[in-house]
Amino acid sequence: MPELPEVEAVRIGLEQLVKGKEIKEVVVNWGRIIESPEVELFKTELIGEVFERFNRRGKFLILGLTHYELISHLRMEGKYEFHSSDDEVQKHTHVIFKFTDHTELRYLDVRKFGRMTLVPKDEASSYKGIQKLGPEPIGSDFELAIFSKQLKRSSKAIKPLLLDQKLVTGLGNIYVDEALFEAAIHPEQPADTLKPKEVAALHKAIIEVLGRAVEAGGTTIRTYKNALGEAGKFQHALNVYGQTGAPCPTCGEPITKIKVAQRGTHYCTSCQKLRRPN
């Protein structure tokens, strides 16, 4: 958390709030947030830069400036807030971009896991964390035939395979659980045992679940809000994630929670049966 829909909502909010704003000063209160370059260089190189473009790749924000791209990974609890320079600086504010018009973009992160990297303009695609990402979960990029071949090459359980971002990017714990439920696939089913019909159902479910979540502004679990300070709404449409003990919307059986690859996992024992290899 945040996953692709939440990061996309943050991207949209930032585009509305800070496009065209010129950076006057950068304050860094927790240096480890800055992956590269060295903190002092990060601060000085950004002076005079203007926010021009706002992109996303998987769970990475790519904020295009005049001469650079700022790659931002929010990890577990990172978030951006837009403020007047007169507003009180809240606890857990680690980076502040001060603009020439006396407004500020502030990065807050309770756990301090988020990271920022500054790279030359048009070089974000070469960043190590972005290079290994799979396709975006949209029909034009995420091809069923390729997805099917990749699944056949792995005997790994389907849930952790989807979480590693190489087959398709942007999926986290919430949306893997939801997509597997919609495709009626057990989270521990070995990938290479999935039938063609199941692969097609999963491919469709991934695209549709993430698409609906983007439209809803993401899912608010605990503290997530977008850059406009708005909570997501997709939590009201969750079928299994966080629904332990609630009736399955398809069959009425209680939703079960187990651990799969050290991740809390929600599924229906009736609709998502584990098939043993023949």
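The values are calculated or read from the model by the stated rules, or taken from the named source; none is laboratory data. Just so you know, these numbers come straight off a predicted model, no measurement behind them. Methodologically, a virtual Cβ is constructed for each residue, glycine included, from the backbone with ideal geometry; neighbour enumeration extends over all protein chains shown. The accessibility values were calculated without ligands, DNA or RNA, using every heavy atom of the protein model including side chains. Shrake-Rupley method; radii C 1.70, N 1.55, O 1.52, S 1.80 Å.
Select from region 1-74 those trypsin sites (Lys or Arg not before Pro) which occupy a DSSP coil region and have at most 16 other Cβ atoms within 10 Å, ordered by residue number.
Numbers: sites: 11, 19, 21, 24, 32, 43, 53, 56, 57, 59; in loops: 19, 21, 59.
Answer in residue order: 19.
The label-point distance for residue 67 and residue 141, in a model that sets each label 7 Å from Cα toward Cβ, rounds to 2.9 nm. Of the cross-linked pairs 59/204; 59/195; 128/156; 195/257; 59/98, which ones have a Cα-Cα span greater than 27 Å in the structure shown? Correct reply: 59/195.
With a cut-off of 8 Å between alpha carbons and a minimum separation of six or more residues, what is the relative contact order of region 45-167 in percent? Please report the intermediate quantities before stating the final value.
Values: 172 pairs, mean separation 26.7, N = 123.
Relative contact order for region 45-167 comes out at 22 percent.
Of the options (1) 20.0, 76; (2) 16.6, 48; (3) 20.2, 67, only one is Rg and Dmax of the Cα atoms in Å as computed from these coordinates, and that is (3). Among the GluC sites (Glu not before Pro) found in region 1-59, those both in a DSSP coil and sparsely packed, with 11 or fewer other Cβ atoms within 10 Å of their Cβ, are 38. Relative to the longest principal axis of the Cα atoms of the chain, helix 196-215 runs at roughly 30 degrees.
Placing pseudo-labels 7 Å out from each Cα toward the beta carbon at residue 237 and residue 83 gives an inter-label distance of 3.3 nm.
Out of 51, 180, 20, whose Cα points farthest toward the positive end of the dipole of the chain (charges: +1 Lys, Arg; -1 Asp, Glu; placed on Cβ)? Looking along the dipole axis, the top candidate is 180. Rounded to the nearest 20 debye, the dipole size of the chain about its Cα centre is 1400 debye, using +1 on the Cβ of Lys and Arg and -1 on the Cβ of Asp and Glu. Take region 109-188 with all the other protein chains still there, run a 1.4 Å probe, and you get 43 Å² of accessible area per residue. Accessible area per residue was computed with a 1.4 Å probe on protein heavy atoms; residue 36 scores about 40 Å².
In a fully extended conformation the segment linking residue 125 and residue 111 would gain 2.4 nm over its present Cα-Cα distance, using 0.36 nm per residue. If you plug the beta carbon distance of residue 276 and residue 244 into 1/(1 + (r/R0)^6) with R0 = 35 Å, you get a FRET efficiency near 0.90. Under the classification rounded if a/c is under 1.5, otherwise prolate if a/b is larger than b/c and oblate if not, where does region 4-132 fall, given a ≥ b ≥ c as square roots of the Cα gyration tensor eigenvalues? Note, shape of region 4-132 comes out rounded. Between helix 4-18 and the chain there is an angle of about 20 degrees, using the helix long axis and the longest principal axis of the Cα atoms. By accessible area, using a 1.4 Å probe on protein heavy atoms only, region 148-216 has 52% of its surface on carbon and sulfur.
So between residue 40 and residue 91, what do we pick up on full extension, going 0.36 nm a residue minus the alpha carbon distance?
Once the chain is fully extended between residue 40 and residue 91, it gains 16.1 nm.
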